[in-house]
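Worksheet: one structure, shown below.
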C-alpha cells in the first residue's frame, strides 16, 4: 500500500510540472495558432466554398427541370392514415412539381 502512495505522489508531481510547462508553451504560441487559422480560412476555406458554389451553379444550368415519369410502384407512397395537415394526402413539405401523390402528379407540368 505504501508503494502505491509513493507512486501516486510521484505521478501527481510529474503531471503538475507537465501542465505548468504546457500552459507556458500554449500561452506563448497562442498568437501564432490564431494567425495560422486565419490564413487557412482565407486561403483554403473561402476559395473552397467558392468552388463548391460554382460547381452547384454550373450543375443547375445543365439540369433538366422536367417532371420525372410517374411509375406507380406498390411499395412507394403508402398511406396507412391521413396526414394531420391540409387535405391529408400531401406530405408536410409537398412540392407539386416534384412530389407525386399515390395516384400521380397533381399538375400537368406546364412550367
Considering the Cα trace of the stretch 60-104, what is its radius of gyration and what is Dmax, both in angstroms?
12.7, 39
Mind sorting 106, 69 by how few other Cβ atoms lie within 10 Å of their own Cβ, fewest first?
69, 106
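Which peptide among 51-57, 88-94 comes first, and what is the full order, when sorted by highest mean count of other Cβ atoms within 10 Å?
In decreasing order of mean packing, 51-57, 88-94 become 88-94, 51-57.
The numbers here are math on the coordinates, done by the rules we state, and not lab data. Computed from a predicted structure; not experimentally measured. Glycine gets a Cβ as well: all are built from the backbone with ideal geometry, and neighbour counts include every protein chain shown.
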